[in-house]
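Read through the structure below, which is laid out as structure tokens, and then see the notes.
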Amino acid sequence: MKQRTELATRMTEKLDYEEMLGCMRCGFCLPTCPTYIRSKDESASPRGRIAIMKGVVDGLIEPDEGVEKTLNECLGCLACEPACPAGVRYSVLLEDARAAITEHKRATGQMPVRERLVRKVVFDGLFLNKAKMETATGFLRFYQQSGVQTLTHKLRILDWFPDQLQKMETILPTVPPKTERRRRPERIPATGATTARVAFFSGCLMDTMFYETNANTIKLLQAAGCDIVIPKTQQCCGALHGHAGEQTGAVTLAKQNIAAFEAEDVDYIITNAGGCGAFLIGYDHLLKHDPEWAERAERFTAKIKDFASILIEVGFLDRVPLSLPEQLITYQDSCHLRNVQKGALAPRVLLQAIEGAVYIEQKHADHCCGSAGVYNLLQPVIANDILEMKMGHVNVTAAQTIVTSNPGCHMQMQLGIQEHGTDSMRAVHLADLLVEAMDHHAI
Amino acid sequence: MTQLREKIGADVVFTDSTTRLAYSFDATPNYQAMPDAIVAPRSTEDVQAVLRLCHEHRIPVVPRGSATNLAGGTTPLSGGVVMDFRHMDKIVEIDEKNLTVTVEPGCITAHLAQAVEARGLFYPPDPSSMKISTIGGNISENSGGLRGLKYGVTADYVLALEAVLPNGEVLRTGGKLAKDVAGYDLTRVLVGSEGTLAVITQATLKLIPLPETKQTMLAYFEDLDSAARTVSRIIENRVIPATLELMDKKTIEVVEAYANIGLPTDVGALLLLEQDGPLDVVRRDIEAMHAVCLEEGALSVEVARDEAHAETLRYARRIALSALARLSPTTILEDATVPRSEIAEMVRRIEAIGRAYDIQIATFGHAGDGNLHPTVATDARNHEEMKRVEAAFADIFAAALDLGGTITGEHGVGAMKAPYLEWKLGPAGIDVMKGIKLAFDPHGIMNPQKMFAKAAKKRIVQGGLS
């Protein structure tokens, strides 16, 4: 009981009471929330979750496993935020509550050994350090190229792993060789007249496993007339840390990134992963209590822009004709691009401009696909239910091409096709499809 | 609890503190109480089993839809069981021969509306919460909406109900009949009974043909009086618009400050007018309304060119709540209603009451049916101000009654307005209602502390006004 009270105190200190009070409990968020739509359980809704957090702070309930479970089950897609009349920043409350729980578990030695280990490897190792990420990706490339993957499949070694992990393994993209990744210059000039000076946020996963997509994004920016700089000292954005309650790690990364980018005199900092973009744009909140960094963070976040929006802004479509062989295309929003960065329109405008292809909007394109970072690994049952609903809508469109704007969504949609789709479907990142359309037109 | 679980299944009975907390409130500011359990029945039989058990053990039961109500109606103030209809949300039948739809109570109202519109039929009641609220909740609160003037409220569309009485008996009222006058109208008794009599488990609703076209218009007025005169004159001219919405000066200012959409802030009021129906009728009515607006001195009138333009005209009204909600930590949206001829007088009185108690009140609402939403921006933590807010609302209800109006037009009485119900009904009215309550619910287990207050508030001459 004593420990619980301690967690309640921690949450009370951490959570912004003003923000919780802002929720007028009108329920406008309910029909936007994937976990609520799935279960129709108020404790799985944003309104319910805020009430539960406030209930802990107000001393109405103790922060027990039920509280932790309901917070863990939130996808963090933030579809609730644009729907909220009162403008409550649910994301901030969720992140702070999760951080309080993680800190508490660590301080009281309540974190199970396995979770501690996973967190250490993932958050302190892999994502906090780009070099380690490189090494890990190197292993993945080795695994894919050396025949070990084929062998693993043949020997059914993966049968020993959880179901969801097995499925994810089969849809991992093929990693390009490290040498190719190292050859990329730090500065890349525009093709033709310069329209903007931009810095590219290359990301960690995007720059290793989805290197090709990064290369394509740069190609598009170039063609749109952008002078591009890719600062070498930039790091992972910290989104995974932030969402998992590892705020200290997130803050470290944020500071490194701000320092890396403020050295460059650019109009915008461009992202091509919805999740990263949304987290970068929230650095000002993450660092608002740090007198040395608050202002620097604000200047940084003011420059964040997703690549589709900048393409539209600098007149990419006037410069570059796009066409594709006849096909139906649908778009799956990246929740964070849509709900946090407000970037729902630009991808659609770009897709509709491709000659030969027909764009068809899927019902509830704005609903999360269930990927949500590592959510699909941590909450496989809920994630799969949500994916199944999603693929139901995708199948109705009969589209052959499902376009995404975030690596997590991309892999999840591939999984969706494999599990609930048809053979003629493919999932593709918007940047990859646009380059495909650019090249196709050139032929 | 063990018995509950045995009767209807352990997977639909919840007693953990997290779930109980999540069902401890509705959309009413400042009301919260923990239930002892949440049950989610799958069928009428489940509802019967739960009620029998609760009846036997005198456990309070609170039926709850999506809890969007603004009068504390679904807050479990006496604890007990909250009955949740997540599993009973089906559209049972759309009967195109009789133009009816039969639904389970947990069906979201917007889903019902979409399903019938797909067949060219129309379910007109459209509470602003319809994307969230359930039909069961709408029936229990007798909800209204933007189309109330022309099409009426929920009660005007309920033809038949299946309900479970607290003793577990099933009661069936009405039918798919246009004419049905056998005995007391128990359908009407149950509609708007706010879960205090029985649990509705199925409803058959009247449908009408879907209007073919719709036209939208926005008019600005220099002062409230000319806007209010316009409302009366339109109806005098035998035009019943589908929508006739009013925003006062303060609401316009707040909306413009929030959304920057270019609303003129030097005007006194705006009216949003819509008509639907056959194209020639819509054209004729829009022209007639346009003419009245100009005759009454409208500063400008804008008729929508197409649907996209119509949407921009509706935008200001649609975001009024968002704009007001962002003014302060607590937003209290009330629901006083007067005869439409008294709209201007009522808004003036609300303004005076706001000044007298030194609180911020903005008013918008359904001018066509006299249903106004005076909305207060305040902070629930400021106890001194909350007292003034409460006193101001008492004065607002008193003013509405003085003008021949009522204390609620579409939100229900719940716990919030229970002390004022006697002002409207008088002691005789309360006695009859209590008698009805006793006939349905002899042990008083159904949604206790709602509708009937322990004591009515003393009605004083409007306190803040001298």
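Computed from the coordinates by the stated procedures, all read-outs in this text should not be read as laboratory data. On a predicted model such as this, the values are computed, not experimentally measured, just so you know. In this analysis, Cβ positions are derived from the backbone assuming ideal geometry, glycine residues included, and neighbour counts consider all displayed protein chains.
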Cross-link reach from residue B:179 to aspartates and glutamates, straight Cα distance under 17 Å and at least 8 residues apart if same chain, gives B:156
For residue A:303, the aspartates and glutamates lying under 17 Å Cα to Cα, once residues fewer than eight places off in the same chain are dropped, come out as A:227, A:262, A:264, A:265, A:267, A:284, A:295, A:313
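Find, among the trypsin sites (Lys or Arg not before Pro) in the stretch B:159-248, those assigned to loop by DSSP (not H, G, I, E, B) with at most 13 other beta-carbon atoms within 10 angstrom.
Numbers: sites: B:172, B:176, B:179, B:188, B:206, B:214, B:229, B:233, B:238; in loops: B:176, B:179, B:238.
Those satisfying the criteria are B:179, B:238.
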Regarding the protein assembly as shown, what whole-number volume in Å³ per residue does the convex hull of its Cα atoms give?
194 Å³
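How high is the relative contact order of chain B? Use alpha-carbon pairs under 8 Å, at least six apart in sequence, and give a whole percent.
Relative contact order here is 15 percent.
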Mind running the shape call on the stretch B:1-109? Use the C-alpha gyration tensor, a ≥ b ≥ c as the square roots of the eigenvalues: rounded below 1.5 for a/c, prolate if a/b tops b/c, oblate otherwise.
oblate
Per DSSP, the loop-located GluC sites (Glu not before Pro) within the stretch B:150-198 having at most 14 other beta carbons within 10 Å are B:169
In whole Hz, what ³J(HN,Hα) sequence does the stretch A:45-52 give by Karplus (6.51, -1.76, 1.60; θ = phi - 60°), x for Gly and Pro?
10, x, 4, x, 5, 5, 4, 5
As a footprinting exposure proxy, order B:271, A:94 by other Cβ within 10 Å, with the fewest listed first.
A:94, B:271
Counting other Cβ atoms within 10 Å, which GluC sites (Glu not before Pro) in the stretch A:260-297 have at most 11 and lie in a DSSP loop?
A:292
Excluding same-chain residues fewer than 8 positions from residue B:150, which lysines have a Cα within less than 19 Å of its Cα?
B:206, B:214
Arranged by the count of other C-beta atoms within 10 angstrom, fewest first, what order do A:311, A:378 take?
A:378, A:311
Which one, B:33, B:313, B:241, is farthest towards the positive end of the dipole of the protein assembly as shown when Lys and Arg carry +1 and Asp and Glu -1 on their Cβ?
B:33
Relative contact order (%) - the stretch A:227-364, alpha-carbon pairs under 8 angstrom, separation at least six:
22 percent
Evaluate peptide B:152-164: per residue, the Cβ atoms of other protein chains within 10 Å of its Cβ; return the mean as an integer.
0
Percent relative contact order of the stretch B:85-205, based on C-alpha pairs within less than 8 angstrom and at least six residues apart?
25 percent
Quick shape check on the stretch A:29-93: root eigenvalues a ≥ b ≥ c of the Cα gyration tensor, a/c under 1.5 is rounded, otherwise prolate if a/b tops b/c, else oblate, and it reads oblate
Cα extents of chain B along the three principal axes, largest first, in whole Å?
67, 57, 42
Computed magnitude of the charge dipole of the stretch A:313-443 (debye, nearest 20; Cβ of K, R +1, Cβ of D, E -1)
280 debye
Computed, not fitted: 222 nm per-residue ellipticity of chain A from DSSP H runs ≥ 4 (each -39500 (n - 2.57)), nearest 500, equal to -15500 deg cm²/dmol
With the dipole of the stretch B:245-392 worked out from charges on the C-beta (+1 for Lys and Arg, -1 for Asp and Glu) around the Cα centre, which of B:370, B:330, B:289 lies farthest toward the positive end?
B:330
About the Cα centre of chain B, how large is the charge dipole given +1 on each Lys and Arg Cβ and -1 on each Asp and Glu Cβ? Please answer in debye to the nearest 20.
980 debye
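So if I place +1 on the C-beta of Lys and Arg and -1 on the C-beta of Asp and Glu, and nothing else carries charge, what would the dipole magnitude of chain A be about its Cα centre? I want it in debye, nearest 20.
Details: 47 positive and 53 negative charges, 176 e Å.
Dipole about the Cα centre, nearest 20: 840 debye.
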Is there a pair in B:417/B:437; A:40/B:434; B:249/B:417; A:178/A:219 whose C-alpha atoms are over 25 Å apart, and which pairs would that be?
A:40/B:434; B:249/B:417
Could you derive backbone 3J(HN,Hα) for the stretch A:288-305 from the dihedral phi with the Karplus parameters 6.51, -1.76 and 1.60 (θ = phi - 60°), listing whole Hz in sequence and x where the residue is Gly or Pro?
5, 8, 9, x, 6, 10, 3, 5, 4, 5, 4, 4, 5, 5, 5, 9, 5, 8
Compute the Cα gyration tensor for chain A, then decide on rounded, prolate or oblate, letting a ≥ b ≥ c be the square roots of its eigenvalues: rounded whenever a/c is under 1.5, prolate when a/b is larger than b/c in the other cases, and oblate in all that remain.
rounded
Cys with no candidate disulfide partner in the protein assembly as shown (beta-carbon separation under 4.7 Å rule):
A:23, A:26, A:33, A:74, A:84, A:226, A:369, A:409, B:54, B:107, B:293
If you take the Cα atoms of the stretch B:109-151, find Rg, then find the Kirkwood Rh from the mean of 1/r over all pairs, what is Rg/Rh?
0.95
Going by Cα centres, the stretch B:301-341 and the stretch B:355-376 are how many Å apart?
12 Å
Other protein chain Cβ atoms within 10 Å, averaged over every residue that makes up B:26-36
2
Among A:191, A:307, A:247, the residue whose Cα sits farthest towards the positive end of the charge dipole of chain A, when +1 is placed on the Cβ of each Lys and Arg and -1 on the Cβ of each Asp and Glu, is A:247
